[in-house]
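What follows is one structure encoded as structure tokens, with my remarks underneath.
Only the coordinates and a few stated rules stand behind these numbers; no lab work does. Not measured: the values here are computed from a predicted model. Cβ placement follows ideal geometry from the backbone for every residue including glycine, while neighbour counts extend to all protein chains displayed.
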Amino acid sequence: MNTITAECIWKDDSIVGESPIWCPTMGMLHWVDIRRNRVQRFDPRTGHNTFIAIDDIVTSVNLRRGGGLVLTLRKAFAFMDWSSGTVTRADNPEADKPDNRFNDAKCDRAGRLWAGTMGDQEWMAPSGSLYRFEGAGQVARKREQVICSNGTGWSPDNRTMYHTESFRYGVFAYDFDLASGEIANRRPFVMLDPKGGEFPDGLTVDAQGFVWSAHVGGGRIVRYDPSGKPEREVRFAASRGTSCAFGGPNLSTLYISSARETLKPDDLLREPLAGSLFACEPGVTGLPETPFAR
């Protein structure tokens, strides 16, 4: 399997850097630090990162068609205006589950946000769900008994949705109907060995329909072909790479977020770049991300 090396492009100490997404109009990468409550923007032209800290953990960031951002917070969907820093909360679909929180989220190509939940302390509990959010008051639960909902993506033809359950140690494929936003026929796409020291986290899908999955614990992103066979990998100097996204003018740069959560002091001495942003040119291009439609 071919191995590519990603270099650090922004040295940071994010506790849980997550949810990278490229904004083509601004030419910037948005991402979050979940545990520091930060919504962040990295500008590759200047090499600088800026952030806005809000009053809650922020677990994902996506673009919004009309401007601004759509977020998932600990318990709520929310909208954010970057210029003012104003955050407006919307639905909380799990008010009856105080020990759960949102995790990763991504928009399908009709502009609907798919967001999942997990146990905030009991990461391996089947307490999560996967939701489809189309605007305030428009939330549909599409799957229950999820174990740590994570990365989501769609095939180029929109016929397959990929969804990660980190502590089922798997990425699952669903039949997907773009017109209705319905999913069916859940089946394993990639399953990792629970004793192998890695679990799957965020993902993205490239223009050829291959899935790039972040393997936390292994310090790598693995590219899988549409049959689930590993085809190449990206290595970098942080064991906890959390997610990845294509960006740049031609969507030819793979950006990688990372975390330092759960690392002990001795681990951090060995991994001084844990929590940083990494990037490489993997030789393929990504697909443009669809903004939230509302």
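Against the test of being crowded, with 17+ Cβ neighbours inside 10 Å, of a type in the set (Phe, Trp, Tyr), within 28 Å of Asp96 (Cβ to Cβ) and more than 15 Å from the chain's Cα centre (by Cα), the options Phe199, Phe167, Phe176, Phe189 yield a single qualifying residue, Phe167.
Just to confirm my filter: which strands (runs of 3 or more DSSP E) fall fully inside segment 156-198 and include at least 2 residues that are farther than 18 Å from Tyr131 by Cα?
On the way: elements: 160-165, 170-177, 182-191.
Counting at least 2 such residues, we get 182-191.
Counting just the residues of segment 80-104 that are hydrophobic (A, V, I, L, M, F, W, C) and outside any loop (DSSP other than H, G, I, E, B), which one comes out farthest from the chain's Cα centre (by Cα)? Break it down stepwise before answering.
So in segment 80-104, the residues hydrophobic (A, V, I, L, M, F, W, C) come out as 80, 82, 87, 90, 95, 102.
Retained after the next criterion (residues that are outside any loop (DSSP other than H, G, I, E, B)): 80, 87, 102.
Working: Met80: 18, Val87: 20, Phe102: 12 Å.
Within segment 80-104, the match that is farthest from the chain's Cα centre (by Cα) is Val87.
Looking at Ala238, Ala279 in this structure, which one is over 21 Å from Met191 (Cα atoms), touching a Leu at 6+ places or on another chain (Cβ under 7 Å) and without any contact (Cβ under 8 Å) to a residue 60 or more places away in the chain?
Numbers: Ala279 fails: without any contact (Cβ under 8 Å) to a residue 60 or more places away in the chain.
The unique qualifying residue is Ala238.
Given the structure, is Pro230 in contact with a Pro (Cβ under 9 Å, 6 or more places away or on another chain) and not charged (D, E, K, R)? No.
Among the residues that make up segment 244-256, is at least one of them under 19 Å from Arg35 (Cα atoms), surrounded by 18 or more Cβ atoms within 10 Å (Cβ to Cβ) and of a type in the set (Gly, Ala, Ser)? Let's see the steps before the verdict.
Pass one, segment 244-256, residues under 19 Å from Arg35 (Cα atoms): 244, 256.
Retained after the next criterion (residues that are surrounded by 18 or more Cβ atoms within 10 Å (Cβ to Cβ)): 244, 256.
Okay, now just the ones that are also of a type in the set (Gly, Ala, Ser), so none.
The answer is no, given that none of the residues of segment 244-256 is under 19 Å from Arg35 (Cα atoms), surrounded by 18 or more Cβ atoms within 10 Å (Cβ to Cβ) and of a type in the set (Gly, Ala, Ser).
Going through Arg41, Arg35, Arg65, Arg89 one at a time, which residue ends up being surrounded by fewer than 20 Cβ atoms within 10 Å (Cβ to Cβ) and touching an Asp or Glu at 6+ places or on another chain (Cβ under 7 Å)?
Sole residue among the options that is surrounded by fewer than 20 Cβ atoms within 10 Å (Cβ to Cβ) and touching an Asp or Glu at 6+ places or on another chain (Cβ under 7 Å): Arg35.
Scanning segment 137-173 for residues being out of contact with any Phe, Trp or Tyr (no Cβ under 8 Å at 6 or more places or on another chain) and not polar (S, T, N, Q) gives a total of 7. Check whether at least one residue in segment 2-25 is more than 30 Å from Glu233 (Cβ to Cβ), buried (at least 23 other Cβ atoms within 10 Å of the Cβ) and touching a Leu at 6+ places or on another chain (Cβ under 9 Å), and report yes or no. Looking through segment 2-25, none of the residues is more than 30 Å from Glu233 (Cβ to Cβ), buried (at least 23 other Cβ atoms within 10 Å of the Cβ) and touching a Leu at 6+ places or on another chain (Cβ under 9 Å).
Restricting to segment 257-294, what's the tally of residues that are surrounded by fewer than 22 Cβ atoms within 10 Å (Cβ to Cβ) and farther than 23 Å from Asp206 by Cα? Adding up the residues that qualify gives 14.
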